[in-house]
Amino acid sequence: MRVLIDEASIRKKVKELASLISEKYKGQKLVVIIVLKGAFIFAADLIREIEGVDIYCDFVKASSYGMSTVSCKDVRIDYFPEINIKGERILVVDDILDAGYTLKKIVDEITSRSPESCEVCVLLDKPERREVEVKVDYVGFVIPNEFVVGYGMDCKEKYRNLKYVAVYEE
């Protein structure tokens with residue numbers, strides 16, 4: 001495996017993103033919806049850096065990879081937040097925006113429930129792979145079209161514990 005983004009760069013970017021979010025939502029309530037499983041480490045680090053915001057967390061579990069390294073159009077939502085999000089400010093936190101199908105389905109589901117707002121924060125954006133347009137408000141890093149692991153992201157449930165993002169090479 002080849003390191004694509006080192007631990008120090010990730011920490012610095014997480015603080016930058018948290019600062020932007022803190023500034024926008026200072027003194028307000030924000031419901032952070034974390035996309036499982038890949039975004040849990042990024043989201044945990046991000047929300048610990050957000051200051052002056054009343055944060056509520058919930059999760060959505062969706063999948064489009066299964067045991068493959070290629071995303072598919074068939075997105076399955078296995079768990080959706082049980083809280084009432086009508087009228088709430090929502091921030092969806094995901095690990096990577098790839099083809100766009102998963103994030104689009106999640107955002108569409110959230111917006112169908114009439115929140116006051118719905119913004120999206122992703123650690124990684126892979127625009128070369130985009131097949132469906134998704135509006136993203138906060139992006140950590142734009143990366144090339146390579147399959148990555150680490151910092152919560154996996155390949156067949158391995159490598160989530162890496163402190164950096166690496167290009168997976170079979």
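Quick note: the coordinates plus some simple rules give every number you see, no bench work behind them. What you see is a predicted model; the values in this text were computed from it and never measured. Glycine also receives a Cβ, built like all others from the backbone with ideal geometry; neighbour counts cover every protein chain displayed.
Among 114, 22, 63, sorting on how many other beta-carbon atoms sit within 10 Å of each Cβ, with the fewest leading, yields 114, 22, 63. Listed by chain and number, the aspartates and glutamates whose C-alpha is less than 14 Å from the C-alpha of residue 29, apart from same-chain residues fewer than 8 away, are 51, 54, 58, 88, 116, 119. Students often get this wrong, so check it: of 86/156; 26/73; 15/104; 24/163, which have C-alpha atoms separated by over 32 Å? Distance filter (> 32 Å) returns 86/156; 26/73.
The antiparallel fraction among DSSP beta bridges confined to the chain stands at about 30%. Summing +1 for each Lys or Arg and -1 for each Asp or Glu among the other residues whose beta-carbon sits under 9 angstrom from that of residue 28 gives +3. Between 11, 48, 129, the Gaussian network model of the chain with springs among Cα atoms under 10 angstrom shows the greatest mean-square fluctuation at 48. Over the chain, the hull volume per residue, using the convex hull of the C-alpha atoms, is 100 Å³. Applying the Karplus relation 6.51 cos²θ - 1.76 cosθ + 1.60 with θ = phi - 60° to segment 115-120 yields 3J(HN,Hα) values of x, 5, 8, 9, 10, 10 Hz, where x marks Gly and Pro. For the chain, modelled as a Gaussian network with Cα springs under 10 Å, which listed residue fluctuates most, 44, 99, 18? Among 44, 99, 18, the largest GNM mean-square fluctuation belongs to 44. Under a 5 Å amide H cut-off, with hydrogens placed 1.01 Å from N, residue 164 pairs with 151 among residues at least 5 apart or on other chains.
Each Cα pair under 8 Å and six or more residues apart adds its sequence gap; the mean of these over the residue count of the chain is a relative contact order of 25 percent. When Rg and Dmax are taken over the Cα atoms of segment 98-170, they come to 13.8, 44 Å. Less than 5 angstrom separates the built amide H of residue 120 from those of 92, 137, 138, all sequence-distant by 5 or more or on a different chain.
Would you mind telling me which residue in 119, 16, 82 has the biggest mean-square fluctuation in a Gaussian network model of the chain, where springs connect alpha carbons within a distance under 10 angstrom? Sorting by GNM fluctuation, first place goes to 82. Taking other Cβ atoms within 10 Å as a rough exposure proxy, 105, 86 sort from fewest to most as 86, 105.
Once the Cβ-Cβ distance of residue 111 and residue 23 is raised to the sixth power relative to R0 = 22 Å, the FRET efficiency obtained is 0.40. Taking 20 °C and 1.002 mPa s as conditions, segment 8-98 diffuses translationally at an estimated 151 µm²/s according to Stokes-Einstein applied to its Kirkwood radius (Cα pairs). Normalised by the number of residues in segment 1-100, the average gap of Cα pairs under 8 Å and 6 or more apart makes the relative contact order 32 percent.
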